[in-house]
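Structure record follows, encoded as structure tokens.
The values are calculated or read from the model by the stated rules, or taken from the named source; none is laboratory data. Being a predicted model, the structure only gives us computed values, none of them experimental. Neighbour counts run over all protein chains shown; Cβ positions are idealised from the backbone, glycine included. With ligands, DNA and RNA removed, areas are computed over all heavy atoms of the protein, side chains included. Shrake-Rupley method; radii C 1.70, N 1.55, O 1.52, S 1.80 Å.
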Amino acid sequence: MSASENPDGQAATLRILSSLADIDPVVWDSVANPGWQRTPTGGFAADPSYASQRQLLESISEGLESLPELSDYNPFISHTFLYALEESGCACAETGWLPRHLILEGADKEVWGAIPAYLKSHSQGEYVFDHGWADAFYRAGGEYYPKLQISVPFTPATGRRFLLSPAIHQQSGMQALASGLVEVCKRSGASSVHATFLTKPEWDQLGDIGYLQRTDQQFHFENPGYDSFDDFLNALASRKRKAIRKERREAISAGIEIEWVTGSDLTEAHWDAFYAFYMDTGSRKWGRPYLNRAFFSLIGERMAEQILLVMAKRDGRYIAGALNFIGSEVLFGRNWGCTEHHPFLHFELCYYQAIEFAIQRGLKKVEAGAQGAHKLARGYMPTTTYSAHWIAHQGLSQAVEDYLEKERKAISAETSHLSEHSPFKRNER
């Protein structure tokens, strides 16, 4: 693409990648998770050169923004995770996820920013639903697909989507990338741009630029510094505390044992078992699960230290499991499945075990995925999620804007209402 106004008054170029194979993983990760580096065992660690780099940049140029302190490490926007989706064939043209990643480069080809983007022929696997918009546009004689999707495929987890180097002016970089998305949309014949599960600052900036703003709701557990699961329980109202203890007892009452499997302990046998669980649940929920067996082998091989499998075993064989990803501050709950159904086992594996792990690791939060007001009684509080949208057709854009204004008010009211029914003692929140 052509040069554009850039973050620091120099010539900048926007380039489209048809695959993450076309960019050095270290370069991508330098803007996706700045200040962090991969470890040989598939984990992540703070980059010791980051602080000295910040000091150097501050000393040589008053025009550069000061590099911030380390931001949270998010495994989903790493090159490893995103490329595993492509390499396994989960996110590709054949599945309706054609990669169109956007790269912002300086005159010397230094990468200043990046966006994980896909040209899509449907609205599956996004968890922010726009089927009604597509149907309305089709009835009016328009073509909604293809559309340009800015997201981590099949992953309803909040994180940065506009991946900017901390060494450049963030607002200008955001403007350059957001304008670039509109240009890509027009050139590709797409109807719209959809950036989902954004951070709140990204959502605010896109709204200022002119994107339509949408909100939704998830339920997250926040850890203020509990010493143990019992410490968490003691923060709950008595009735909720007793209910959780009863659920945990009943969940394993059939002789079920629970294991945490992570790092070098992960084997292909674990993935075989978990994939059977995933396929059973996915086939019933969605008709066709999004992830294939090859994907799980790839992530197990390349990012084992960032993965937690919570597995349930009965009579010497695995019967259920929950997949989590480990960030620097957040445990992300992703997929669950089972081949035997036991009361409360889903709650135990997905919610209570996640809380225990987060407390033990000193993580600040557990994101337990999409939907589920039933999580409230189990210590997961309502949390607003954010997406932003640009629609080329003015009539459809205006109709969607009117709808989103009403939807935002409804989401806000529901969040406030649910928060009033917190399971915590009044003086704990």
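A few points about this structure:
- When region 265-290 is filtered for residues that are open to solvent by 90 Å² or more (accessible area, probe 1.4 Å) and at pLDDT below 95, the ones remaining, listed by number, are Arg284, Lys285, Trp286, Arg288.
- Residue check for Phe357: surrounded by 13 or more Cβ atoms within 10 Å (Cβ to Cβ), among the aromatic types (Phe, Trp, Tyr), over 21 Å from the mean Cα position of the chain (by Cα) and under 30 Å from Leu309 (Cβ atoms): no
- Which listed residue, of Ser88, Ser66, Ser78, is modelled with pLDDT of 95 or more, touching an Asp or Glu at 6+ places or on another chain (Cβ under 8 Å) and small (Gly, Ala, Ser): Ser78
- Residue satisfying all of: in region 360-387; under 15 Å from the mean Cα position of the chain (by Cα) and among the aliphatic types (A, V, I, L, M); farthest from Phe229 (Cα to Cα) among these: Ala370
- Here the strands (runs of 3 or more DSSP E) wholly within region 101-152 that include at least 1 residues being of a type in the set (Val, Ile, Thr) are 101-106, 111-115, 147-150.
A quick yes/no check of all residues on (1) in contact with a Lys or Arg (Cβ under 8 Å, 6 or more places away or on another chain); (2) surrounded by fewer than 22 Cβ atoms within 10 Å (Cβ to Cβ); (3) without any contact (Cβ under 8 Å) to a residue 24 or more places away in the chain:
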| site | (1), (2), (3) |
| --- | --- |
| Arg302 | no, yes, no |
| Leu308 | no, no, no |
| Lys313 | no, yes, no |
| Glu348 | yes, no, no |
| Tyr351 | yes, no, no |
| Lys365 | no, yes, no |
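- Taken over region 374-388, the criterion of being farther than 29 Å from Val193 by Cα and either surrounded by fewer than 18 Cβ atoms within 10 Å (Cβ to Cβ) or not basic (Lys, Arg) (or both) is satisfied by His374, Leu376, Ala377, Gly379, Tyr380, Met381.
- So Leu236, is it crowded, with 18+ Cβ neighbours inside 10 Å, at pLDDT 95 or above, touching a Pro at 6+ places or on another chain (Cβ under 6 Å) and not small (Gly, Ala, Ser): yes
- Looking only at region 352-395, and only at residues there that are over 23 Å from Glu259 (Cβ atoms), aliphatic (A, V, I, L, M) and assigned to a helix (DSSP H, G or I), the one that is modelled with the lowest pLDDT: Ala373
- For region 288-313, a residue qualifies if it is of a type in the set (Val, Ile, Thr) and more than 22 Å from Gly125 (Cβ to Cβ), and exactly one does: Val310.
- Taken together, Ile244, Ile256 contain a single residue that is more than 26 Å from Gln371 (Cα to Cα) and crowded, with 17+ Cβ neighbours inside 10 Å, which is Ile256.
- Of everything in region 336-346 that is touching a residue at least 60 places away in the same chain (Cβ under 8 Å) and touching a strand residue (DSSP E or B) at 6+ places or on another chain (Cβ under 7 Å), the residue that is most open to solvent (accessible area, probe 1.4 Å) is Thr339.
- Some residue of region 190-198 being open to solvent by less than 10 Å² (accessible area, probe 1.4 Å) and β-branched (Val, Ile, Thr): yes
- Tally of residues being within 20 Å of the chain's Cα centre (by Cα) and either open to solvent by 10 Å² or more (accessible area, probe 1.4 Å) or of a type in the set (A, V, I, L, M) (or both) across region 104-122: 5
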